[in-house]
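Before any comments, here is the structure.
Quick note: the coordinates plus some simple rules give every number you see, no bench work behind them. The structure displayed is predicted, hence computed values, not measured ones. For neighbour counting, all protein chains shown are included, and Cβ atoms are generated from backbone atoms with ideal geometry for every residue, glycine included.
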Amino acid sequence: MTDEVLLESWEGTGVSGYGYTYGVNWKCQTFMHETTHQITKIVIPLIKVGNPAGDYTIQIRNCVLRNSYWRPEGSTLCSKSILASDVSGSVSFVFATPATLNGNQVYGIVDSCVDGDSENYIGWYSYNAGSYRDTLCNKGASSDSGVTFGLYTTTDYRFEVWGYELPTHHKKHVPFKEPTRLERCIRNIMDARGLTEKEARDICVNDFHLDFEGDTQGNIRRAKTERHERLRQQKMDEEKIQLQKEQDEINRITKNLDSGLYKKMFAERRQ
């Protein structure tokens, strides 16, 4: 095993502040590392306000893509708890069983202090300027005990991720792939309207002209071309019908003339 190294970290700049963690109010920070690795510990700067009871817990979670952002709403990979009363300064959370994380995949650090309250809580420090990996990774907050997280995409919580780089043969490298515009469209429609994936896909493809690669402009051009072709064909069909009507009228008149009907009508008028 190689030496434990600092894999990812963020400090930020500007004015320092902190997010409150207590009861059902949890916090999170997502992160990503380029290569497959084992995560052994998390180090984060904390403040204890009042006298929170019970444990303060850190989890590493899988993230799910929702509304175009990666959120730590998946399964827990590893966790570590300490007494909330022992929190002071930068705290190192060492995992008894390190979790193996894929390279170029977003994961989440989630904290909780379920026995705290609005006067007795743990604060996780951040600065108000700078951003870790732009909007790919973000800090966030939950008000339902970590079931769902809202995100703040302009600043991030301070953190350090420590662990071991793994040989490339240990686990197949999984390249990170940004969701296509079609995938984001499907997820947004499903969340907003409560539809199935197939129903949402039909709306994105038929109404918004997104194909399986999310090529909006290309599909709009194709849709316009197809619409123009349909209108052109419709006009040709209408002209063909009109010509047929005119031809039918000519045939009718010719037939009547041949039958002597008009000769009889003219003879009656002269009388």
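Assorted remarks:
- Of all aspartates and glutamates in the structure, those lying under 14 Å Cα to Cα from Lys48, and not within fewer than 8 positions of it along the same chain, are Asp86, Asp111, Asp115, Asp117, Glu119.
- The residues Lys139, Lys245, when put in order of fewest to most other Cβ atoms within 10 Å, stand as Lys245, Lys139.
- Once both labels are positioned 7 Å from their Cα atoms along Cα-to-Cβ, the gap between Leu243 and Val24 label points is 7.2 nm.
- Cβ-derived FRET efficiency at R0 45 Å, Glu229 paired with Ser145, nearest 0.05: 0.20
- Pairs of Cα atoms farther than 23 Å apart, the range 5-165, %: 31
- Straight Cα distances below 17 angstrom link Lys235 to the aspartates and glutamates Glu226, Glu246, with same-chain residues fewer than 8 positions distant left out.
- Counting neighbouring beta carbons within 10 Å and listing from fewest to most, the residues Ser75, Ser142, Ser112 come out as Ser75, Ser142, Ser112.
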